[in-house]
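Visitor: If you scroll down you'll find the structure; I have some questions about it.
Only the coordinates and a few stated rules stand behind these numbers; no lab work does. In this text the structure is predicted, and so the values were computed from the model without any measurement. Glycine also receives a Cβ, built like all others from the backbone with ideal geometry; neighbour counts cover every protein chain displayed.
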Amino acid sequence: MSGDARAGVLGRMWSISVNVVVQGLLTGLVYGLMALGLSVIFGVVRVVNFAHGELTVVAMYSAFLLFQTLGLDPLLASIPIAAAFFGLGYLLQSLLINPFVGRPEHEQFILLVGLAILIVNGLLMIFGPDARPVSLAYGFDSYLVGPLILDKVRVFAAVAALTFACGLFAFFHYTRTGTAIRACADNLLGAAVVGLNVKRLYALTFGIGLACVGAAGALMATIADAAPGLASAYTLLAFTIVIIGGLGSMAGALLGGVLIGVSEALAGFFAAPSMKSMFSFALLIAVLVLRPQGLLGRRA
Amino acid sequence: MSALWADTPPRGRVLAALLLAAFLAAPLFADRYLISVLILVLYFAYVGQAWNLLMGFAGQLSLGHALYLGIGAYVAAALWIHFGVGPWLGVFAAIPIAALGGAFIGWLGWRFSIEGVYFALLTIAFAEFTRIGFDHWDFTGASAGFFLPIGGEAAAQWWNLGGGPLLFYYVALALATGAAALTAGLRRSALGYRWLAVREDAEAARALGINVFRARMAAMLISSSMTAVAGVFYAFYYRNLFPAQVFDIGRSIELILAPIIGGLGTVFGPIIGALILTPLGEALIAATERLGLDAPGTKAVFYGLALMVIIWLRPNGVWPWLAGVLGIRSKDR
């Protein structure tokens, strides 16, 4: 092989790799938004939402139904779905989960696993096991930026996810309610002493966490086809991301999402698509052992 | 067994003896279907007991016990298929390998003080990692499955764990009874008291001079070894293995339901939990079929609902409440 040809092959490999990384990065931002919901809920309410992926898939089906019946683009549908999920989260926390706050982990676990089983099989009953795609008119369009080929849907979804995350960040840092919620996370006793209504703030937090799930699920519907089988994989994905990024750190959830997105994309391309989560779990194990508080987490 | 006996008040002894006698005599009355349900009850009582040792006594939440189950199943099946080594010998290879896996996870986790939810996630991560690994390992059939021969001479030899449902029923009964006796014995041992101290307050236990790491590791070794034995049973009972089923997170979750619903950290909890949950699942199948609700998932919807209702009503599990109702004030919490 001549030097020129070798440089050509290397160059092509290089540009393919960069494309794969960028695709993973865009998907990873949507993952990050989903994981952000888990992180917010755990950071404040101290309850691990074992039904996180199941609820994400419910949001995906909601986006699918809105697209099918009203022709609503999931990008737009993400706003009403996030709002509806906020309400759902508020109700779930006030009616179901509040009595379990502060109880042993395994009791919360059974409650939420029961909910997860209920949801995923309810979806199976209603929609069946087949994947439901949202086929957008611009589904196969892409932007050409230099050597990069960017899927339009992924770019839109990533930008929307980033916007939601920034909005959430602003809420937590610049509003009184957001500050009050952070106070509950930092010092529960202190928050109660200064007269914050902790139960109501918990309900708000769970609502906000599920709003993230609703938005992320709607955006995810443009990238992946809704199917009940995705649910438990998404729950594990959200856990992995949050632990890697650092529980309670909002930037950490996004960073973890991007890392997992890129690692999945690279593994899917260079190894086999069915092996992609193996690399995520290897990453998780490495982080747990080397830096248990996560990349951007604070030591508890 | 004697420790279990000494701790139980007379009425409890009578009830325990009646339960055991009922199980021993069940094949005289039960049809094939009922036997298969009872095998599942005993299987869940057994693995639940194994998991209960780690969580209920040593206080460490594992959500990855499918790992030890799968290792046990695959080691015994691979030895049988590739080398002709029978399960009664194979189990002695399966136990140390699964225990080694458990020890590695425990060492990684507890050395770096990864506890609670984080430790649970570590166990999930290892189980999932292994599942995908086995999905791609051709030596054990990869994702296409690994099959033990059905029919033929060897499949009917009881000494190779082949035969009818009765064989598996009595093996499962022996395992479940043995596990309950072992748990009761351990609970009264010095190690058992160390576990309880570590579970309630690891710092205080350490201050008392208890080696917390070693106590937890002992629980992990026993628990993973016992689960590996269940894996061998699983492999030879079902005679087909798929990584997506054996190592699945769902497998890890289903085996911890019975002890939690029955009562964590009690000897009878896993048994009572299995006696409630397995027949509940079967009854739901029958009921949904009779009502003509044959959409997939119908049964599981009600199952999920039932879990939520039970944990809502009896957060400590059914056994502590049931023991009160039956007037068995046992020291077994």
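Visitor: Under the √(5λ) rule applied to the eigenvalues of the Cα gyration tensor, what semi-axes describe the equivalent ellipsoid of segment B:2-325? Give them in Å, descending.
Guide: 29, 26, 21
Visitor: Per DSSP H run of at least 4 residues, take -39500 (n - 2.57); add these up for the protein assembly as shown, divide by its residues and hand me the 222 nm value, nearest 500 deg cm²/dmol.
Guide: -24500 deg cm²/dmol
Visitor: What does the average come to when, for each residue of peptide A:271-283, you count the partner chain Cβ atoms lying within 10 Å of its Cβ?
Guide: The mean count of partner-chain Cβ atoms within 10 Å per residue comes to 4.
Visitor: With only Lys, Arg, Asp and Glu charged, each at its Cβ (+1 for the first two, -1 for the last two), find how big the charge dipole of segment B:10-164 is about the Cα centre; round to the nearest 20 debye.
Guide: It works out to roughly 480 debye.
Visitor: Something else now. Using Cβ contacts closer than 10 Å as the measure, can you line up B:TRP319, B:TRP80 from fewest to most?
Guide: Sorted ascending by nearby Cβ count, the order is B:TRP80, B:TRP319.
Visitor: When the scattering of chain A is computed by the Debye formula from its Cα atoms alone, each counted once and equally, what is log10 I(q)/I(0) at q = 0.09, 0.11, 0.16 Å⁻¹?
Guide: Here the Debye-derived log intensity ratios amount to -0.45, -0.66, -1.32.
Visitor: Treating the beta-carbon of each Lys and Arg as +1 and of each Asp and Glu as -1, no other charges, what is the dipole magnitude of chain B about its Cα centre, to the nearest 20 debye?
Guide: It works out to roughly 960 debye.
Visitor: Right, next: Under 19 Å from the Cα of A:LYS276, which aspartates and glutamates turn up, not counting those fewer than eight places away in the same chain?
Guide: The reachable aspartates and glutamates, counting only those whose Cα sits under 19 Å from A:LYS276, are A:ASP225, A:GLU264, B:GLU128, B:ASP135, B:ASP138, B:ASP248.
Visitor: Still on this structure, please answer the following. To the nearest 10 degrees, how steeply does helix A:3-45 sit against the main Cα axis of chain A, on a 0 to 90 scale?
Guide: Value to nearest ten degrees: 10.
Visitor: What nm distance separates the two modelled labels at A:ALA7 and B:LEU24, each placed 7 Å from Cα along Cα→Cβ?
Guide: Going from the A:ALA7 label point to the B:LEU24 one covers 8.6 nm.
Visitor: If you don't mind, there's one more thing I want to ask. Ranking A:LYS199, A:LYS276 by Cβ neighbours within 10 Å, fewest first, what do you get?
Guide: A:LYS199, A:LYS276
Visitor: Of the candidates B:ALA202, B:ALA181, B:ALA25, which one comes out as most mobile in a Gaussian network treatment of chain B with C-alpha springs shorter than 10 Å?
Guide: Greatest mean-square fluctuation among the candidates belongs to B:ALA25.
Visitor: Of the peptides A:259-269, B:184-194, B:221-231, B:128-138, how do they stack up when ordered by the mean number of other Cβ atoms within 10 Å, highest first?
Guide: Highest to lowest by the protection proxy: B:221-231, A:259-269, B:128-138, B:184-194.
Visitor: Related question: How would you rank A:VAL289, B:VAL301, going from fewest to most other Cβ atoms within 10 Å of each one's own Cβ?
Guide: A:VAL289, B:VAL301
Visitor: If I stretch the segment between B:ILE150 and B:GLU203 completely, what's the gain in nm (0.36 nm per residue apart, minus their alpha carbon distance), one decimal?
Guide: Gain on stretching B:ILE150 to B:GLU203: 13.8 nm.
Visitor: Considering the alpha-carbon set of the protein assembly as shown alone, what are its Rg and its Dmax in angstrom?
Guide: Just the Cα atoms of the protein assembly as shown yield Rg and Dmax of 25.6, 90 Å.
Visitor: Under 5 Å between amide hydrogens, which residues at least 5 positions from A:ALA226 or on another chain qualify, with H placed 1.01 Å from N in the peptide plane?
Guide: Sorted by chain and number, the residues that satisfy this are A:ARG132, A:VAL134.
Visitor: Using only the alpha-carbon atoms, how far is helix A:105-127 inclined from the longest principal axis of chain A? Give it as 0 to 90 degrees, nearest 10.
Guide: 60
Visitor: To continue, here is another question. Under 20 Å from the 7 Å Cα→Cβ point of B:SER113, by amide nitrogen: which residues of segment B:42-62?
Guide: Under cut-off, by backbone N: B:59-61.
Visitor: Ok, one more. Determine how many Å³ per residue the convex hull of the Cα atoms of segment B:211-279 encloses.
Guide: In segment B:211-279, the Cα convex hull volume per residue is 111 Å³.
Visitor: Label B:ALA244 and A:ARG291 with points 7 Å out from Cα along Cα→Cβ: what is the distance between them in nm?
Guide: Each label point is offset 7 Å from its Cα along the Cβ direction, giving 3.5 nm.
Visitor: Compute the separation of the alpha-carbon centres of segment A:116-144 and segment A:4-41 and state it in Å as a whole number.
Guide: If you average the Cα positions of each part, the centres end up 23 Å apart.
Visitor: Another question about this same structure. Suppose R0 equals 41 Å. What FRET efficiency, 1/(1 + (r/R0)^6) with r the Cβ-Cβ distance, do A:ASN19 and A:ASN187 give to the nearest 0.05?
Guide: 0.30
Visitor: At what distance in nm do the modelled label points of B:LEU167 and A:ALA251 sit from each other, each positioned 7 Å from its Cα along Cα→Cβ?
Guide: 6.4
Visitor: Could you list the square roots of 5 times each eigenvalue of the Cα gyration tensor of segment B:229-327, that is, the equivalent ellipsoid semi-axes, sorted largest first and rounded to whole Å?
Guide: Value: 25, 21, 12 Å, ordered largest first.
Visitor: PRE reach from B:ILE81 (point 7 Å along Cα→Cβ): which of segment B:213-242 fall under 18 Å by backbone N?
Guide: B:231-242
Visitor: Please name whichever of B:ASN211, B:ILE249, B:TRP110 sits farthest to the positive end of the charge dipole of segment B:2-325, dipole taken about the Cα centre and charges placed at Cβ: Lys and Arg +1, Asp and Glu -1.
Guide: Highest projection toward the positive end goes to B:ASN211.
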